[in-house]
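Bear in mind these aren't lab numbers, they're just calculated from the coordinates by the rules spelled out. Because the structure is a prediction, the values reported are computed rather than measured. Cβ atoms come from the backbone with ideal geometry, glycine included; neighbour counts cover every protein chain shown.
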Amino acid sequence: MKTLKTALLMLLCIPPIYYSCSNSSNTKGDSSGSTLKELATTGDPSEIKDKIFYSFPSPEEVFAYIEASKLEFDPAILNPVSNGRNYLNLTDQSLNLGVYISDLAYITLFNQQENSLAYFEVIHKLTVQLKISEAFSESLYNRIQENLDNVDSLVVISGQAYQSIVDYLSETEQENISALVSMGAYVECLYLLLSYVVTFDSNDEMLNKVLDQKFAINNLYEFASAYQKDKMVSETLPYLKEIKDLFDAIEEKPIAPSDTKSDDKALAITGGTDLHITQEQFNKLKETVNNTRNNFIK
């Protein structure tokens, strides 16, 4: 159950893009290489889905600490469903579809199924306004209502609902909307994580989960940049770039490879990159994420 819940939350926190290959390495780093950057520069988004892949930390690595610490569910940090009626243009509707998707994942993580229906409903309303309601079928909605007391089923249905939206946007070639939904979901995830980092401590495990997102935002920014000819995307990208620039400024120190032996005597080589953030950088990152998130949901 724990693995399923954390997997859902990370699924909802990554850009909705199809993977053409995968990376199972535990080494931190941007594995997208130059291909994605070149595509973003040349503005050829039609090739992106087939030619690039994204690398993200595993769900267990990023979110297990939330459950392990048994932190309390805090409804005050969510975007209230009542705000849904305020989103009247496509940009706000797309961004906040992503925001609410991440909020739903957070709710599911903490077993708050009594709050789930309201967030399912606002997500459904936004898909109607965006004219992508076919991605959120009536049968799916009925299953949600029928399984509100079944946490396991609700988690599965939540993932299916999100994947359905992702698939529909891809099939209908609405990657500009995907980029906006992704940015909204990503910023909300950062905001939710940072809400649990009250004071600066470079050894704080939750802060380290935030730092892991440095490489994810580089990939997301390059993906979204490929659609910057779209006015909605181009007007939103500066918000993401401000956060990206702060992550880029965080010092990376290579970890020298070392040989270790596990209990079964198997040889493992460890190494990679360690990220070092100062208190000033942390304060600025948290402030910027909060401001960006507030601009998205206002």
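Which distance in Å, rounded to a whole number, links the C-alpha centroids of region 179-224 and region 76-146? Each part's Cα centre sits 21 Å from the other's. What does the C-alpha gyration tensor say about the overall shape of region 75-203? Classify as rounded when a/c is under 1.5, otherwise prolate if a/b is larger than b/c, or oblate. The shape class here is oblate. The gain in end-to-end length when the Q145 to Q279 segment is fully stretched comes to 43.7 nm, 0.36 nm per residue minus the alpha carbon separation. The modelled label-to-label distance between E252 and S170, using points 7 Å beyond Cα along the C-beta direction, is 2.7 nm. The label-point distance for D74 and Q112, in a model that sets each label 7 Å from Cα toward Cβ, rounds to 1.1 nm. Spin-label pair V128-F200: with each label point 7 Å from Cα along the Cα-Cβ axis, the two points sit 4.7 nm from one another. When only alpha carbons of region 88-134 are considered, Rg and Dmax amount to 11.0, 32 Å.
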